[in-house]
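Accompanying notes for the structure given below.
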Amino acid sequence: MNESILSLEDVAVFQQENMVLNDITLEVRRGEFVYLIGKTGSGKSSFMKTLYADLPLKEGKGEIVGFDLKSLREKDIPYLRRKLGIVFQDFKLLPDRNVNKNMEFVLRATGWKDQAQIDNKILEVLEKVGMKTKGFKFPHELSGGEQQRVAIARALLNDPELILADEPTGNLDPQTSVEVMKVLQDINKSGRTILMATHDYALLLKYPSKTLKCDGNKVFEVVQKAV
Ligand SMILES: Nc1ncnc2c1ncn2[C@@H]1O[C@H](COP(=O)(O)OP(=O)(O)OP(=O)(O)O)[C@@H](O)[C@H]1O
């Protein structure tokens, strides 16, 4: 349980030549659920993007799910992304195909070939998020909460070691946010590590967990006060 999944040492995060965050030293261990909070523009998305190599690591040392972010080459990025499940605020489902085909697209793109195995895997992940009966629906036929469940299911397809969720409840109403959060909590309880950027303080209070804060170009752990 003590194994490091993410470790950063003196990392700086840049958007082009502008430094957004610096001096980041932190560790996330297998099985943890970690929040990343901070005001709009404080750098949460830029931080996440650095972790999934959408932004290059220019300064400091970073290791994530066994990959060294500093020496990572362009051709290694798909292999890193396979070990990460990434969930976005705006779901990013393909609008021109149904849920099952959205899933199949990801599996085939990551090397799956056997149709029976593909079908089983899709059922398995949809079941985890309570969407097993909705595979034939197109994204536009689903509510926001359902679309986000599907996006979470998609993130689980390749059994990721770490799930990076960037404002996963940002487009959802409070009740739907709680439902999606319950799904993430269940996934975490089944042993998966989750790092979730959010500015939804109600969720933090309802589901307290280790919390990192982006503020003043720094990222530091904050202790939640009991309420
Ligand atoms: N593509 C970009 N090019 C240049 N600067 C950017 C880019 N994206 C973000 N920034 C800048 O980087 C800083 C951090 O933005 P970022 O999106 O990481 O913040 P955030 O905490 O995720 O905000 P939000 O909660 O609004 O998503 C901001 O000053 C922003 O203007």
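Taken together, the values in this text are just the output of simple stated rules run on the coordinates, not laboratory data. Quick caveat: nothing in here was measured; it's all calculated off a predicted structure. Every residue, glycine as well, gets a Cβ built from its backbone with ideal geometry; the counts of neighbours run over all protein chains shown.
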Legend entry - 3J(HN,Hα) from dihedral phi, the range 185-201, Karplus parametrisation 6.51/-1.76/1.60, rounded to Hz, x for glycine, proline: 4, 4, 5, 5, 5, 7, x, 8, 8, 9, 10, 10, 7, 7, 10, 8, 5
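Step through the table entries K101/K134; K132/K210; K128/K213; K49/K75; K113/K189; K49/K134, compare each Cα-Cα distance with 21 Å, and write down the pairs that go over it.
Long pairs (Cα-Cα over 21 Å): K132/K210; K128/K213; K113/K189; K49/K134.
Starting from the Cα gyration tensor of the range 35-101, take the square roots of the eigenvalues, sort them a ≥ b ≥ c, and report rounded, prolate or oblate (rounded when a/c is under 1.5, otherwise prolate if a/b is larger than b/c, else oblate). Don't jump to the answer; show the numbers that get you there.
Working: a/c = 2.50, a/b = 1.28, b/c = 1.95.
Taking the square roots of the gyration eigenvalues as a ≥ b ≥ c, the range 35-101 is oblate.
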Legend entry - With Cα atoms, 0 to 90° folded angle of helix 115-128 axis to the chain main axis: 60 degrees
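Apply the a/c threshold of 1.5 to the C-alpha gyration tensor of the range 125-208 and tell me whether it is rounded, prolate or oblate. Present the calculation step by step, with values, prior to reporting the outcome.
Numbers: a/c = 1.88, a/b = 1.19, b/c = 1.58.
Oblate is the answer for the range 125-208, as a/c is 1.5 or above yet b/c matches or exceeds a/b.
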Legend entry - Backbone N under 14 Å from the N18 label point (7 Å along Cα→Cβ), restricted to the range 180-223: 217
Legend entry - Spin-label proximity, F138 to the range 95-126 - amide N less than 15 Å from point 7 Å beyond Cα toward beta carbon: 95-102
Legend entry - Unit Cα scatterers, Debye sum, the chain: log10 I(q)/I(0) for q = 0.10, 0.14, 0.18 Å⁻¹: -0.45, -0.89, -1.40
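Relative contact order of the chain: what whole-number percent is it, with Cα pairs under 8 angstrom and at least 6 residues apart? Before the final figure, lay out each step's value.
Numbers: 411 pairs, mean separation 65.2, N = 227.
29 percent.
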Inset, instruction - Name the long-range amide H neighbours of L36: under 5 Å, sequence gap of 5 or more, or other chain; modelled H, no Pro or chain starts. - result: M196, A197, T198, L212
Inset, instruction - Round to the nearest 10 and give me the degree value, 0 to 90, for the angle of helix 99-109's Cα axis relative to the longest principal axis of the chain. - result: 60 degrees
Legend entry - Table column - 3J(HN,Hα) (Hz), the range 69-74, Karplus curve with 6.51, -1.76, 1.60, x for Gly and Pro: 5, 5, 9, 4, 9, 3
